[in-house]
Amino acid sequence: MSGRRILTTHTGSLVRPRELLELAPTLDRDGDPEAYERALEEAVGDVVRRQVEAGIDVIDDGEMGKANWITYLYERVSGIEPRLVPVDVGELLPPSRDRLAFPEFYAEHDAAYLREVANRARTDGSTVEVKRWFCTGPIGYDAAALERDIARFRRALAGVEVTDAFLPVVAPASVYWLHNEYYASEEDFVFAVADALREEYRRIVEAGFLLQVDDAVLMHEYDSILAGGGSVDDYRRWAELRVDALNHALEGIPEERIRYHVCFGSWHGPHAYDPPLADVIDLVLRVRARYYLMEQANPRHEHEWRVWEDVELPEEKVLVPGVVTHHTTVVEHPELVAERLVRLARLVGPERVMGGTDCGFAQSAFVQRVHPSVQWAKLASLAAGARIAGERLFGQS
């Protein structure tokens, strides 16, 4: 916290400008590296400035330089190789009870993605050849791309005043589409990923930034495991191994510099089979972090602020609930934002609450959950609502 007010932040990924996307390397083109780097420099400077103008206190680089929130790591580690492999069309996306319960919705929802895959890959109609990543040797970390991100972000921050700044990176559980062919056991593999990530985590904090660990798959896998016939106990064994690996990767990093973000999946779907937060909150709180970022603005999870009526928030921890969401294009009214913040702050204490977003507005370069104009309006509303909440909680502006 800073003074007697409610600070604001978000979960990291912001919509990339069209000019950057037109120059970004893709499967179909290598692009012009120098032109892309110039556009990237400009995009990071612009996204930093616009976060400040929107009233956000703790900002990032919008993940402008990442093609994808998760696969960026595959470009930074050794010991893996990409391959084109045949995959049944029905198995391109992970299983879930949500998909089983709403097949007609998901047939429409997935159509554009499946068309894109078919257009980019050899297909016989029932199977497609798609890129998959395989671990074939010892995993190591190459920090060159991260150091470029850090330097670019520093240059953008030079002309603005912010409370703090963060960089988001993945958790061990989020290396979900990397297939192990080298390590003797699942545990060895997961901890090898954690060792590589430890290098990334350490460098971010040593550079003076907050570290944000994104752990979206931790929640989503609950539904996938149960959809495949597994049990809650099976899920917990899967999740506990990965939480242990994350804490291993975080060893030696001060907790006050760590943000931990969990979500229930960014896609615009029913989410009827997301795990109840009460059933998994113990896993979240086991992670060595000061800040916990969780969805609480979308209609499936807004009620879960009441979890904190029964669960005691450990000392020195700060909750960063989503009080605006990427799940709809409706811009939340500042009064609603304030209401969401105030009711939680009255449970855990106003000094232990920040205002945030449910998830990113663009989980990859070519995906956007809302139009960029809506994104910026939502962030401005977040800041306005936090000011109202601060006045009500602290009795001053």
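The values are calculated or read from the model by the stated rules, or taken from the named source; none is laboratory data. Predicted, not measured: the structure shown is a model, and the values here were computed from it. Neighbour counts run over all protein chains shown; Cβ positions are idealised from the backbone, glycine included. Surface accessibility is based on the protein's heavy atoms, side chains included, excluding ligands, DNA and RNA. Shrake-Rupley method; radii C 1.70, N 1.55, O 1.52, S 1.80 Å.
Some values worked out for this structure:
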| item | result |
| --- | --- |
| Test: residue in the range 385-394 that is charged (D, E, K, R), in a helix (DSSP H, G or I) and either touching a Lys or Arg at 6+ places or on another chain (Cβ under 6 Å) or touching a residue at least 12 places away in the same chain (Cβ under 8 Å) (or both) | yes |
| Residues being over 14 Å from the mean Cα position of the chain (by Cα), surrounded by 18 or more Cβ atoms within 10 Å (Cβ to Cβ) and part of a loop (DSSP other than H, G, I, E, B) - total across the range 249-272 | 3 |
| Selection status of Asp310, touching a residue at least 12 places away in the same chain (Cβ under 8 Å) and within 28 Å of Arg16 (Cβ to Cβ) | no |
| Any hit, the range 201-208, residues being open to solvent by 60 Å² or more (accessible area, probe 1.4 Å) and among the hydroxyl-bearing types (Ser, Thr, Tyr) | no |
| Single unsatisfied condition, Pro168 versus (1) touching a Leu at 6+ places or on another chain (Cβ under 7 Å); (2) modelled with pLDDT of 95 or more; (3) open to solvent by less than 10 Å² (accessible area, probe 1.4 Å) | (1) |
| Failed item, numbered, when Ile70 is tested on (1) at pLDDT below 90; (2) buried (at least 18 other Cβ atoms within 10 Å of the Cβ); (3) farther than 28 Å from Asp164 by Cβ; (4) among the β-branched types (Val, Ile, Thr) | (3) |
| The range 23-64: number of residues that are more than 30 Å from Arg5 (Cβ to Cβ) and either open to solvent by 30 Å² or more (accessible area, probe 1.4 Å) or of a type in the set (Val, Ile, Thr) (or both) | 16 |
| Residue match in the range 107-127 (condition: touching a Phe, Trp or Tyr at 6+ places or on another chain (Cβ under 9 Å), part of a loop (DSSP other than H, G, I, E, B), on the phi < 0 side of the Ramachandran plot and modelled with pLDDT under 80) | no |
| Members of the range 313-323 that are in contact (Cβ under 8 Å) with a residue 60 or more places away in the chain and under 21 Å from the mean Cα position of the chain (by Cα) | Val318, Val320, Gly322, Val323 |
| Given (1) open to solvent by 50 Å² or more (accessible area, probe 1.4 Å); (2) among the hydrophobic types (A, V, I, L, M, F, W, C); (3) within 24 Å of the chain's Cα centre (by Cα), number of the condition Ala107 does not satisfy | (3) |
| Hey, Val243 under 17 Å from the mean Cα position of the chain (by Cα), among the aliphatic types (A, V, I, L, M) and within 14 Å of Glu295 (Cα to Cα) or not | no |
| Residue count, the range 58-82 (criterion: assigned to a helix (DSSP H, G or I) and touching a strand residue (DSSP E or B) at 6+ places or on another chain (Cβ under 6 Å)) | 2 |
| Tabulated pairs, the range 352-375, first assigned to a strand (DSSP E or B), second open to solvent by 10 Å² or more (accessible area, probe 1.4 Å), C-beta under 6 angstrom, 6+ apart or interchain | Ser364/Asn68 |
| Answer from Ala365, Ala377, Ala297 - the residue that is open to solvent by 10 Å² or more (accessible area, probe 1.4 Å), under 15 Å from Ser266 (Cβ atoms) and of a type in the set (Gly, Ala, Ser) | Ala365 |
| Filtered residues of the range 174-200 (kept if closer than 24 Å to Leu285 by Cβ, open to solvent by less than 60 Å² (accessible area, probe 1.4 Å) and of a type in the set (D, E, K, R)) | Glu200 |
